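Read through the structure below, which is laid out as structure tokens, and then see the notes.
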Amino acid sequence: MRNNKSKLYSAIRFVTLTAAVAPAPALAGGFALNEQSASAMGVANAGTAANPENATTVLFNPAGMSQLSGTNLSFGAAVLDIDAEAKNDAQATNQIGLPVQGSSGGDIADPAVLPNLYMTHEVSDSVDVGFGIHAPFGLAADYEDDFVGRYFADETELTAISFSPSISVNNGNGLSMGAGINIIYAEGKLTRFLDNSASSVAVTAPSGTPNPGFYDEGYADIEGDDVGVTFRVGFLYELSEQTQFGLMAQTGTELNLEGDAELSNFVNPANGVVTPTSATEKVEVPLAIPESITFGARYHLTDTVTLLAGATYAKWSRFEELDIVSREAGGEVTQAPQEGAVLSHVTEKWQNTWQFNVGAIWQATPEWAFKTGYAFDESPVNDDFVTARIPSNDRHWLTLGAQWADQRSGWTVDVAAGTLIFDGNGRVDEFNYEHENPSQVAELQPGVTDQSNYQGEYELEAWSAGIQVSKSF
């Protein structure tokens, strides 16, 4: 796992200066990130497919490069600060239905920094090329070790960084088309504590009664990485000097994060009374990346006021389950005769989502512009299968921004800030489900139901801020 991919990841970290990781509760749009550009953040990403302000159009709609002259550079970073913590009444039961002792897990999300870099170049009057480095996906959540739901989740990380070369052409009459690819490197980590209560209760004490405390809990650490590719195509049409429309579509893919599962204090119930051991097995975690389509509109209401609107549809229903799958036969954990055995299964059954955005820009002076925006972002998480790893909910995003531009030097600076208002608290009522029948609670053995359950209600608060520096040459 650490060979060529490790070299690629080292190069990525060198270029971007910092890893891009976003707190999970911020991700109402699944594990996709909205904070890619401070200039777009100021209007809550409204109309980004139709408003090529700077080189960030490489990401939002490559067709927009046709409206930029010369060479353009844009770079910046966004910060997300999330407060996400289960209330004190969070509770859980183990495999045999006994209460699990522990805390609510503390604040699971730390502040995160998301860097970005974009560049475009005008090759001729009809052709432009561009390049971008950004963080399209990410999440991170980390509970305290005594978390009452530790048999369902401990640490969750997804870091993804994309290289995005693009090209655009235009017909000289207001119509442009662009295309690009996203070369995505992703690295993930999943950990949780192992519930050995069912194995313990199978052990009979000298008195002849079951001994539910025979085995201590274990721990599982799964890490993996992969490289995937998605494709983008965009269109931009200038209907008039006042009105412009844009459309950008992106394909989906599936990343297979290949790595190792490392288990400590592991007890295999099939082996009877044994001394707990450490075990390692080669595994992969399939991760579905959704296709999406974005529509944008820009309208110059007056010489100083511009209105923006947009909508994005994402096919998150591709993400049906979070499985850890063996890549070897006769592994220490699964002991299966061939690869493909499932070590762990989590039912997701995510749903397709819409995001709607509106925004406005007021050009107060030739140098200063002020922005505002609103977005409604649906959560793809199925209400029947909300998990401790992603206690997500629908959100409202309110943003403000300011832009300073020096026409003589070509330098422009954008700053933006926003607050996230969630539709109530995130509620988790999680069980262990069967892989073959994702809506059926799993069985420990035929006729014996796994009684594991975690219930918690999460208070969610968040804000974001960003800065963008752009230069035209």
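This table checks each residue for (1) in a loop (DSSP other than H, G, I, E, B); (2) at pLDDT 90 or above; (3) not polar (S, T, N, Q).
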| residue | (1), (2), (3) |
| --- | --- |
| GLU254 | no, yes, yes |
| GLU258 | no, yes, yes |
| ALA261 | no, yes, yes |
| ASN265 | no, yes, no |
| ALA270 | no, no, yes |
| VAL274 | yes, no, yes |
| ALA279 | no, yes, yes |
| LYS282 | no, yes, yes |
| PRO286 | no, yes, yes |
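Among the small types (Gly, Ala, Ser) and under 16 Å from LEU80 (Cα atoms): does that describe ALA141?
Yes; evaluated as a whole, the condition is true for this residue.
Of everything in segment 456-473, what is open to solvent by 70 Å² or more (accessible area, probe 1.4 Å) and either out of contact with any strand residue (DSSP E or B) (no Cβ under 7 Å at 6 or more places or on another chain) or at pLDDT below 95 (or both)? Give them in sequence order.
The answer is GLU459, GLU461, TRP463, PHE473.
Restricting to segment 76-94, and then to whatever is touching a residue at least 40 places away in the same chain (Cβ under 8 Å) and over 21 Å from the mean Cα position of the chain (by Cα), can you tell me which residue is surrounded by the fewest Cβ atoms within 10 Å (Cβ to Cβ)? Outline the logic, then answer.
Going through segment 76-94, the residues touching a residue at least 40 places away in the same chain (Cβ under 8 Å) turn out to be 76-87, 89-94.
Now drop any that are not over 21 Å from the mean Cα position of the chain (by Cα), which leaves 87, 89-94.
Numbers: LYS87: 11, ASP89: 9, ALA90: 21, GLN91: 16, ALA92: 23, THR93: 18, ASN94: 21.
Result: ASP89.
The rows are residues; the columns are (1) among the polar types (S, T, N, Q); (2) within 21 Å of PHE356 (Cβ to Cβ).
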| position | (1), (2) |
| --- | --- |
| ARG298 | no, yes |
| THR302 | yes, no |
| THR312 | yes, yes |
| ARG318 | no, no |
| ASP323 | no, no |
| GLY331 | no, no |
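Mind listing whichever residues of segment 335-386 are open to solvent by 40 Å² or more (accessible area, probe 1.4 Å) and among the hydroxyl-bearing types (Ser, Thr, Tyr)?
Correct list: THR365, THR372, TYR374.
Restricting to segment 390-434, count the residues that are open to solvent by less than 60 Å² (accessible area, probe 1.4 Å), part of a loop (DSSP other than H, G, I, E, B) and out of contact with any helix residue (DSSP H, G or I) (no Cβ under 7 Å at 6 or more places or on another chain).
Residues that pass the stated criteria total 9.
Residue by residue through segment 277-296, note down the ones that are open to solvent by 20 Å² or more (accessible area, probe 1.4 Å) and out of contact with any Asp or Glu (no Cβ under 7 Å at 6 or more places or on another chain).
Of everything in segment 277-296, those that are open to solvent by 20 Å² or more (accessible area, probe 1.4 Å) and out of contact with any Asp or Glu (no Cβ under 7 Å at 6 or more places or on another chain) turn out to be THR277, SER278, GLU291, SER292, ILE293, THR294, PHE295.
Confirm whether SER162 is on the phi < 0 side of the Ramachandran plot, open to solvent by less than 30 Å² (accessible area, probe 1.4 Å) and either among the hydrophobic types (A, V, I, L, M, F, W, C) or at pLDDT 95 or above (or both).
Numbers: on the phi < 0 side of the Ramachandran plot: yes; open to solvent by less than 30 Å² (accessible area, probe 1.4 Å): yes; either among the hydrophobic types (A, V, I, L, M, F, W, C) or at pLDDT 95 or above (or both): no.
Against the criterion (on the phi < 0 side of the Ramachandran plot, open to solvent by less than 30 Å² (accessible area, probe 1.4 Å) and either among the hydrophobic types (A, V, I, L, M, F, W, C) or at pLDDT 95 or above (or both)), SER162 does not qualify.
Is segment 305-320 home to any residue that is more than 25 Å from PHE376 (Cα to Cα) and crowded, with 18+ Cβ neighbours inside 10 Å?
So far as segment 305-320 goes, no, none of its residues is more than 25 Å from PHE376 (Cα to Cα) and crowded, with 18+ Cβ neighbours inside 10 Å.
If a residue has to be acidic (Asp, Glu) and outside any strand (DSSP E or B) to count, how many in segment 76-115 make the cut?
3
This table checks each residue for (1) modelled with pLDDT of 95 or more; (2) within 24 Å of the chain's Cα centre (by Cα); (3) more than 30 Å from GLN67 (Cα to Cα).
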site: LEU400; (1), (2), (3): yes, yes, no
site: GLN407; (1), (2), (3): no, no, no
site: ALA416; (1), (2), (3): yes, yes, no
site: GLY426; (1), (2), (3): no, yes, yes
site: ASN437; (1), (2), (3): no, no, yes
site: LEU444; (1), (2), (3): no, no, yes
site: ASP450; (1), (2), (3): no, no, yes
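Restricted to segment 116-142, and to residues that are part of a loop (DSSP other than H, G, I, E, B) and of a type outside the set (Gly, Ala, Ser), which residue is farthest from VAL169 (Cα to Cα)?
Step by step, filter segment 116-142, then rank; the result is PRO136.
Does segment 156-184 hold any residues that are among the polar types (S, T, N, Q) and assigned to a loop (DSSP other than H, G, I, E, B), and which are they?
SER164, ASN171, ASN173 - these are the residues of segment 156-184 that are among the polar types (S, T, N, Q) and assigned to a loop (DSSP other than H, G, I, E, B).
Checking LEU343 against (1) under 23 Å from HIS435 (Cβ atoms); (2) touching a helix residue (DSSP H, G or I) at 6+ places or on another chain (Cβ under 6 Å); (3) assigned to a strand (DSSP E or B), which test does it fail?
Against the list (1) under 23 Å from HIS435 (Cβ atoms); (2) touching a helix residue (DSSP H, G or I) at 6+ places or on another chain (Cβ under 6 Å); (3) assigned to a strand (DSSP E or B), LEU343 comes up short only on (2).
Name the single residue that is nearest to ALA153 (Cα to Cα) among those in segment 230-241 being part of a strand (DSSP E or B) and open to solvent by less than 60 Å² (accessible area, probe 1.4 Å). Quick ask: steps written out before the conclusion?
Here is the first cut: in segment 230-241, the ones part of a strand (DSSP E or B) are 230-238.
Still in the list and also open to solvent by less than 60 Å² (accessible area, probe 1.4 Å): 230, 232-234, 236.
On the way: THR230: 30, ARG232: 34, VAL233: 38, GLY234: 39, LEU236: 44 Å.
Per the criteria, the residue is THR230.
Since VAL274 meets every condition but one in (1) farther than 24 Å from ASP154 by Cα; (2) of a type in the set (A, V, I, L, M); (3) buried (at least 18 other Cβ atoms within 10 Å of the Cβ), which condition does it not meet?
Every listed condition holds for VAL274 apart from (3).
Consider ASP145 carefully, then state whether it is touching a helix residue (DSSP H, G or I) at 6+ places or on another chain (Cβ under 9 Å), charged (D, E, K, R) and either assigned to a strand (DSSP E or B) or surrounded by fewer than 22 Cβ atoms within 10 Å (Cβ to Cβ) (or both).
no
Confirm whether GLN455 is among the polar types (S, T, N, Q), under 30 Å from ALA40 (Cβ atoms) and touching an Asp or Glu at 6+ places or on another chain (Cβ under 7 Å).
The answer is no for GLN455.
Within segment 435-455, which residues are of a type in the set (D, E, K, R) and surrounded by 15 or more Cβ atoms within 10 Å (Cβ to Cβ)?
Result: ASP450, single match.
Is it true that ASN72 is buried (at least 18 other Cβ atoms within 10 Å of the Cβ), over 24 Å from the mean Cα position of the chain (by Cα), closer than 30 Å to ALA179 by Cα and at pLDDT 95 or above?
yes
The values are calculated or read from the model by the stated rules, or taken from the named source; none is laboratory data. What you see is a predicted model, and the numbers here were worked out from it, not measured in a lab. Glycine also receives a Cβ, built like all others from the backbone with ideal geometry; neighbour counts cover every protein chain displayed. Keep in mind that these areas ignore ligands, DNA and RNA; they rest on the heavy atoms of the full protein, side chains included. Shrake-Rupley method; radii C 1.70, N 1.55, O 1.52, S 1.80 Å.
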